[in-house]
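To keep things clear, I will list the structure first and then write my remarks on it.
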Amino acid sequence: MRALTVRQPWAWAIIHGGKSIENRRTLWRYRGQLAIHAGVAKSAAGMRDEHVRAAWSGKHGPEVDPLSDLALGAIVGVVDLVDIHRDADCCRPWGMSAYDGAGGVTHLVLENPRPVEPILCTGSLGLWRPDDELLTRLEAAS
């Protein structure tokens, strides 16, 4: 298993909001289970994103402030990373493209999100490998 640190609310959207594409710049070879780690910083763009807000409202109602109580610095779920491909102006609404001003974008195609009780841990940049202790805690939480 590998892990990926994602800023909130994008991590929430991957696990709970139907976000099936994560945008990156690297074309990794890895496919398989991927733990989603919510980083310690929030994304201002994500907090304003219409798709995140719509997904949040669909789950919690419009009166509940999105992102008011999101886990930070913790693994929040596991997904299956089934494909990674370069953008071809595809994968909308979650997939960014070079037309969004983000050249060299790759799309990580994510399926089968499974939430877990947040497991506090330190993340890392890029695709990273959880240590044995973290894997044990993750398996117990699943």
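The values are calculated or read from the model by the stated rules, or taken from the named source; none is laboratory data. What you are looking at is a predicted structure, and each value in this text was computed from that prediction instead of being measured. All Cβ positions, glycine included, derive from the backbone under ideal geometry; neighbour counts span all protein chains shown. Areas reflect the complete protein model, heavy atoms only, side chains present, ligands, DNA and RNA absent. Shrake-Rupley method; radii C 1.70, N 1.55, O 1.52, S 1.80 Å.
Observations
- Accessible surface of segment 73-123 [probe 1.4 Å, protein heavy atoms]: carbon and sulfur percent: 54 percent
- In this rough spin-label picture, where each label sits 7 Å from Cα along the Cβ direction, the ALA54-GLU117 distance is 3.5 nm.
- The chain, relative contact order [Cα under 8 Å, separation at least 6], %: 33 percent
- Listed residues HIS37, HIS51, HIS60, most fluctuating in the chain (Gaussian network, C-alpha, under 10 Å): HIS60
- For VAL40, the amide hydrogen comes within under 5 Å of the amide hydrogens of GLY73, counting only partners 5 or more places away or on other chains and with H modelled in the peptide plane.
- Centre separation in Å (Cα based) which lies between segment 72-142 and segment 17-52: 5 Å
- Net charge over other residues, Cβ less than 13 angstrom from the Cβ of GLY73 (K, R count +1; D, E count -1): +2
- In Å², nearest 10: area of CYS121 left accessible to a 1.4 Å probe: 30 Å²
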